[in-house]
Amino acid sequence: MDVSSANERTTAGEPTTSSEPASAGEPTTSTDLATLMERGGHEQVTVVRDPSAGYLGIMAVHSTILGPAVGGTRVWRYGSFDEALADALRLSRGMTFKNALAGLPFGGGKAVLLGPAPEGRAEREAFFRAHGRAVQGLGGRFVTAEDVGTSPADMEIAARETRHVAGLERGMGDPSPYTARGVLRAMEAAAVERWGSAHLAGRRLAIQGLGNVGMQLARLLRERGARLVVADVAKERVEAARHELGAEAVAPGEILGVEADILAPCALGGILDADTVEGLRVEVVCGGANNQLRRLENGDRLSARGILYVPDYVANAGGVITGGVDIAGWSLDRMEAALEGIFDTTRAVLAAAREWGVAPQRAADRLAEERLAEVRLAGMDTPLRHPVA
Ligand code: NAI
C-alpha cells in the first residue's frame with residue numbers, strides 16, 4: 001500500500017472492523033519505514049515494547065500541524081507487525097483529515113497495539129499501564145482515547161500513567177450521542193443538496209446497526225418524523241426499535257438492498273464495495289460507521305450511480321469533537337457550535353464535489369489538505385515540539 005496515494009489507499013477515516021484488513025506484506029526495515037513515513041507525510045512513528053506486560057505498541061503521529069495528534073488506541077490481533085504498522089500509518093493519516101475538516105485544533109495520530117490484550121484483571125492492568133507510559137513518553141504530542149478493542153475502563157487504567165487520554169468519564173464521557181447528532185446534521189445537509197430541504201419528515205431511512213450510534217440516531221430521526229427500516233444482528237435491539245420507534249425490521253443481509261431515501265451505515269466498515277454499491281436502492285448514503293468505502297473508488301461508483309455519499313469522517317466527527325472540551329479546553333458552547341458546523345462542512349464538501357466534478361470523498365480529502373496547506377502557508381507549520389498542558 002502506498003499510504004500517500006489517494007488512489008491506492010482506502011478511505012481516510014479510521015476503520016473499526018476486521019472487514020477492512022490492513023494491507024499485508026508491507027516492508028518493515030528501518031529504511032522502508034522512513035520511506036513509508038515520507039510518502040505518507042508522517043512526523044513520527046514510535047514503537048514501544050514492554051515484555052513484562054506483554055505489550056507491543058505502535059504510536060503513529062501523522063501530523064501536529066494543527067495541534068497535538070489525536071486518535072484512538074486500537075487493539076487488534078494482527079497477522080504480523082507489518083500489518084499493524086500499515087494500519088497505524090493509514091489510520092493516523094485519516095485522523096489528520098478528520099480532525100482538520102471538523103475544525104479541531106488537532107493533528108492526527110493513532111496507537112495500534114498488537115493484540116490480543118490479556119483478559120485477566122492484573123494482566124490487563126499491566127498491559128494498559130504500559131500503554132499509558134508509552135503515550136506519556138510522547139510528551140503530549142499524541143493524545144488518545146478508546147477505539148476498537150479498547151474500553152473506557154482500559155483508558156482509565158492508561159490514565160493512571162498519563163494525562164494524555166481523553167473520553168474518560170470525568171470528561172465528556174461516551175461520545176456516541178454527539179456522533180449521532182452530528183450524523184443527523186450531515187443528513188440534513190445532504191437532504192438540502194439532494195431535495196432542496198433539510199426536512200426529513202416522511203423520508204424513509206434505512207439504518208444498518210442499532211448500537212450506541214445507530215439507536216440514538218434512530219430516535220432523533222423518529223422525532224423528526226422519518227420512517228425507519230432497521231437491521232441488526234442483535235435481535236433485542238431490533239425489537240427495541242420496533243416497539244419503541246415503530247421501525248420496520250429487515251434481516252441484516254437485506255438492509256443494503258432496501259428501497260429508501262437514505263441509508264445510514266452504523267455498524268461495520270468496508271460495507272460499500274462494487275457489489276453492494278450496485279445493489280443499493282437509495283438516493284443518499286450518510287451514516288456513523290467508519291471507513292464505509294472498502295476502497296476510495298467505490299465512492300466514484302456511488303457518484304456514477306447518482307447516489308449522494310456523505311464522507312464518513314465528515315458525518316461521524318461528533319465524537320471526536322467532544323475532544324475539543326476534553327483536550328483543548330473548549331467551552332460546551334464552542335463544542336456545540338463545532339457539532340452544528342457538521343451541517344455547513346457537509347454542505348461545503350458536497351458543493352465542492354459538484355463544482356469540481358469529483359466524488360464527495362475526494363472533495364473532502366482535498367478540502368482537508370487545503371486547510372493544512374493554509375496553516376503551512378501562514379508559517380505555522382512547525383510541528384509541536386513541546387507538550388500541551
Ligand atoms: P456499537 O458496537 O455500539 O454498534 C454496532 C452495532 O452494529 C451493534 O448493535 C451490532 O450488533 C451491529 N452489527 C454488527 N454487525 C452487523 C451487521 N452485519 N448488520 C447489522 N448490524 C450489525 O458501535 P457504535 O459505537 O454504535 O459505532 C458504530 C459505528 O460508528 C462503528 O463503525 C464506529 O467505529 C463508528 N463510530 C462510532 C463513534 C462513536 O461515538 N461511538 C464515533 C465515530 C465512529
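Here are the numbers:
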read-out: Total residues in segment 224-250, condition near the ligand (Cβ under 9 Å from one of its atoms) and either outside the structural domain of Asn290 (by TED's automatic domain parsing) or loosely packed, with under 15 Cβ neighbours inside 10 Å (or both); value: 2
read-out: Any hit, segment 316-331, residues being free of Cβ contacts under 8 Å to residues at least 12 places away in the same chain and crowded, with 19+ Cβ neighbours inside 10 Å; value: yes
read-out: Residue in segment 128-148 that is within 26 Å of Pro360 (Cβ to Cβ), acidic (Asp, Glu) and within 12 Å of the ligand (Cβ to nearest atom) present; value: yes
read-out: Of all residues in segment 251-263 being of a type in the set (A, V, I, L, M) and near the ligand (Cβ under 10 Å from one of its atoms), the one that is surrounded by the fewest Cβ atoms within 10 Å (Cβ to Cβ); value: Ala251
read-out: Strands (runs of 3 or more DSSP E) lying entirely in segment 25-138 (those with 2 or more residues that are surrounded by fewer than 18 Cβ atoms within 10 Å (Cβ to Cβ) and over 19 Å from the mean Cα position of the chain (by Cα)); value: 44-50
read-out: Unique match (being free of Cβ contacts under 8 Å to residues at least 40 places away in the same chain and aromatic (Phe, Trp, Tyr)) among Phe142, Phe128; value: Phe128
read-out: Filter pass, Arg163 being surrounded by fewer than 18 Cβ atoms within 10 Å (Cβ to Cβ), assigned by TED's automatic domain parsing to the domain that holds Ile307 and either free of Cβ contacts under 8 Å to residues at least 24 places away in the same chain or among the charged types (D, E, K, R) (or both); value: no
read-out: Segment 186-214 - residue that is within 16 Å of the ligand (Cβ to nearest atom) and surrounded by fewer than 23 Cβ atoms within 10 Å (Cβ to Cβ) and, of those, nearest to Lys235 (Cα to Cα); value: Gly211
read-out: Boolean, Arg163 is in a loop (DSSP other than H, G, I, E, B) and of a type in the set (Lys, Arg); value: yes
read-out: Leading residue by the ranking (surrounded by the fewest Cβ atoms within 10 Å (Cβ to Cβ)) among those in segment 267-285 that are part of a loop (DSSP other than H, G, I, E, B) and touching a strand residue (DSSP E or B) at 6+ places or on another chain (Cβ under 6 Å); value: Val282
read-out: Complete set of residues in segment 181-221 that are touching a helix residue (DSSP H, G or I) at 6+ places or on another chain (Cβ under 6 Å) and of a type in the set (Val, Ile, Thr); value: Val183, Ile207, Val213
read-out: Pairs with Cβ under 9 Å, 6+ apart, first in segment 258-275 and more than 17 Å from Leu308 (Cβ to Cβ), second within 15 Å of the ligand (Cβ to nearest atom) and of a type in the set (Phe, Trp, Tyr); value: none
read-out: Any chance Arg181 is modelled with pLDDT of 95 or more and buried (at least 23 other Cβ atoms within 10 Å of the Cβ); value: no
read-out: Cβ-Cβ under 7 Å pairs, at least 6 apart or on other chains, segment 345-361 side loosely packed, with under 14 Cβ neighbours inside 10 Å, far side of a type outside the set (Asp, Glu); value: Trp356/Ala363
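Each row is one residue, and each column tells you yes or no for (1) touching a Gly at 6+ places or on another chain (Cβ under 8 Å); (2) part of a loop (DSSP other than H, G, I, E, B).
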| site | (1), (2) |
| --- | --- |
| Asn290 | yes, yes |
| Asn298 | no, no |
| Ser303 | no, no |
| Tyr313 | yes, no |
| Val325 | yes, no |
| Trp330 | yes, yes |
| Ile342 | yes, no |
| Ala348 | no, no |
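The values are calculated or read from the model by the stated rules, or taken from the named source; none is laboratory data. No experiment lies behind these values; they were computed from the predicted model shown. As a convention, Cβ positions derive from the backbone with ideal geometry for all residues, glycine included, and neighbour counts pool all protein chains shown.
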